[in-house]
Amino acid sequence: MRSAAGPGSAGGAPAAAAMTNVYSLDGLLVFGLLLVCTCAYLRKVPRLKAWLLSEKRGVWGVFYKAAVIGTRLHVAVAVSCLLMAFYVLVVK
């Protein structure tokens with residue numbers, strides 16, 4: 001008898017293989033670069049700086065620290081963004 005097994009059932013090895021790229025290193029690097037670039041940009045906007053980047057500790061402090069990294073290391077962040085864009089568009 002045939003069962004109507006979907007992609008998430010016991011025989012779903014292809015679905016699990018497709019999910020391996022979610023936690024890849026290059027995905028985490030892209031996310032980190034986007035976070036740093038976005039927070040550095042938001043630091044230049046006065047209203048958003050006072051609202052989002054005023055807290056220096058806790059969960060909201062991550063955004064503040066990312067903004068500080070983005071502004072102090074702006075050359076390294078820009079070069080990293082260009083290299084990651086080349087990697088994602090050409091190599092990968």
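The values are calculated or read from the model by the stated rules, or taken from the named source; none is laboratory data. All of these numbers come straight from a predicted model, not from anything done at the bench. Note: ideal-geometry Cβ built from the backbone for every residue, glycine included; neighbour counts use all protein chains shown. These accessible areas exclude ligands, DNA and RNA; they are computed on the full protein's heavy atoms, side chains included. Shrake-Rupley method; radii C 1.70, N 1.55, O 1.52, S 1.80 Å.
The one condition from (1) within 14 Å of L35 (Cα to Cα); (2) β-branched (V, I, T); (3) out of contact with any helix residue (DSSP H, G or I) (no Cβ under 9 Å at 6 or more places or on another chain) that V75 does not meet is (1). Number of residues in the range 61-92 that are over 18 Å from the mean Cα position of the chain (by Cα) and either open to solvent by less than 70 Å² (accessible area, probe 1.4 Å) or not basic (K, R) (or both) equals 3. Scanning the range 42-60 for residues that are assigned to a loop (DSSP other than H, G, I, E, B) and either small (G, A, S) or open to solvent by 70 Å² or more (accessible area, probe 1.4 Å) (or both) turns up K44, S54, E55, K56, R57, G58, V59, W60.
Here the range 5-41 is the region considered, the condition is being open to solvent by 80 Å² or more (accessible area, probe 1.4 Å) and either within 15 Å of L83 (Cβ to Cβ) or modelled with pLDDT of 65 or more (or both), and the residue that is nearest to the chain's Cα centre (by Cα) is F31. Scanning the range 69-92 for residues that are within 24 Å of G27 (Cβ to Cβ) and in contact (Cβ under 8 Å) with a residue 24 or more places away in the chain yields I69, G70, H74, V77, S80, C81, M84, Y87, V88, K92.
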